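Student: My structure is below; once you've seen it, I'll send some questions.
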Amino acid sequence: MALLDRAIVSALPAVPKPIVRRISQRYIAGEQIEDACRVVKGLNAQRKMATIDVLGEEITTEEEARHIAYAYDDVFRAIDEQALDSNVSVKLTGLGLKLGRDICRRNLERTVRGAAERGNFVRIDMEDSSCTDDTLALYRELREAGLDNLGIVLQARLRRTLDDIAGLADLTPNVRLCKGIYIEPFKIAYHDFDQVRKNFVDALGGLLEGGSYVGIATHDELLLTEGARLVKEAGRARDEYEFQMLLGVREARGDQLIQEGHRLRIYVPYGEEWYAYSLRRLQENPKIAGYIAADTLGRLIPGRNGR
Ligand SMILES: Cc1cc2nc3c(=O)[nH]c(=O)nc-3n(C[C@H](O)[C@H](O)[C@H](O)COP(=O)(O)OP(=O)(O)OC[C@H]3O[C@@H](n4cnc5c(N)ncnc54)[C@H](O)[C@@H]3O)c2cc1C
């Protein structure tokens, strides 16, 4: 399977862009903010919350980083004007992390303050392991500066995650817990599927015990079941945690979570950089290409809904 996934990924650049676009359409709201708002409105109508991500992490100039930070102003304004139930997710590389920590901090702080003025919330996505230390440090700096409308992401794939939970405990962080999309070296990351799952469950237990609000971000059936069991065991009320899923993935299971009484937030990326984003995500983790191929095929074969 891994070989097939890699084969799909290496063939991708040869696939005509319109076809990639059609496939990506399920996972990316579109190019413009209006596209994101339309998608979020539809999700809200299904009682699903959202988090909007402005695409564009491979920026090379300060100007581009500022452009992304400013795009979030428009997002906050649109959320308010249209009364959408959505917060935002940001990537620190998009805000200039690789150009300079100060540039990134400035853009991040501006975005978080902009959100605070409108009573909104910013979550910092976690990128590959070259960004982990800086991301955690910037998160701490801003929280210590009194910006509480800020959350972070931790990745169960990383061996360090339980230590990071302990290290952040004094902040009672609002955490999105996910497996982690980036394939990392064995030295710092679990490669075994069941070990990643076990670390996820351990991390979730630790976060709940520490009083953190947790976004349980997974489509993995075992983790969805375990997550629901753990929040119940911890006596969490409905508004003291949430499940999170990616746009277009396991929608029927998301509906079911809502019917069961949980809250669900959907990750809604949009932006002109959709093509680069799609290719990069697939190259980072060829397994995703396998999921998408299976899902697309599932939808083409009558009787399978691919969810
Ligand atoms: C809301 C949200 C935010 C995230 N933020 C981050 C982040 O900041 N940093 C980070 O490193 N990772 C992030 N991720 C990605 C995450 O780390 C995983 O790579 C991804 O969720 C797949 O892992 P899984 O737990 O769903 O389990 P898996 O075992 O990988 O997937 C379970 C099942 O879900 C389906 N599936 C999963 N992903 C897809 C897909 N893309 N397309 C089609 N079907 C799919 C497949 O049917 C698969 O069998 C996020 C995920 C979510 C849901």
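The values are calculated or read from the model by the stated rules, or taken from the named source; none is laboratory data. The structure displayed is predicted, hence computed values, not measured ones. A quick note on method: Cβ atoms are made from the backbone with ideal geometry, for glycine too, and the neighbour counts reach across all protein chains shown. Surface areas here come from the heavy atoms of the whole protein model, side chains and all, with no ligands, DNA or RNA. Shrake-Rupley method; radii C 1.70, N 1.55, O 1.52, S 1.80 Å.
Student: Tell me, what is the percent relative contact order of the range 38-102, built from C-alpha pairs under 8 Å that lie six or more residues apart?
Tutor: 46 percent
Student: By the gyration tensor of its Cα atoms, with a ≥ b ≥ c the square roots of the eigenvalues, what is the shape of the chain: rounded for a/c under 1.5, prolate for a/b over b/c, or oblate?
Tutor: Rounded, because the longest to shortest axis ratio a/c is under 1.5.
Student: Right, next: Can you give the accessible area per residue of the range 8-94, in Å², using a 1.4 Å probe?
Tutor: Heavy-atom accessible area per residue stands at 49 Å².
Student: Give me the percent relative contact order of the chain, please, defined on Cα pairs under 8 angstrom at least 6 residues apart.
Tutor: About 24 percent, as a whole number.
Student: Need the list of lysines near LYS91 for cross-linking: C-alpha distance under 28 angstrom, and skip anything on the same chain fewer than eight residues off.
Tutor: Cα-Cα hits under 28 Å: LYS17, LYS41, LYS48, LYS179, LYS187, LYS198, LYS287.
Student: Write down the percent of antiparallel bridges among all DSSP beta bridges whose residues are both part of the chain, to the nearest 5.
Tutor: 5 percent
Student: Of the heavy-atom accessible surface of the chain (probe 1.4 angstrom), what whole percent is carbon and sulfur?
Tutor: On the chain, the fraction of accessible area on carbon and sulfur atoms equals 53 percent.
Student: Would you list ARG159, ARG197, ARG22 from the most to the least accessible area, probe 1.4 Å?
Tutor: ARG22, ARG159, ARG197
Student: Separate question: Averaging sequence separations of C-alpha pairs under 8 Å and six or more residues apart, then dividing by the length of the range 140-283, give the relative contact order as a whole percent. It would help to have the intermediate numbers written out before the result.
Tutor: Numbers: 171 pairs, mean separation 26.6, N = 144.
Contact order relative to length: 19 percent.
Student: Three principal axis extents, largest first, for the C-alpha atoms of the range 71-205, in Å?
Tutor: 45, 32, 27
Student: Still on this structure, I have one more. Go through 227-234, 78-85, 202-209 and give me the packing order, highest mean Cβ count within 10 Å leading.
Tutor: Values: 227-234: 16.0, 78-85: 14.2, 202-209: 19.4.
Ranked by mean Cβ neighbours within 10 Å, highest first: 202-209, 227-234, 78-85.
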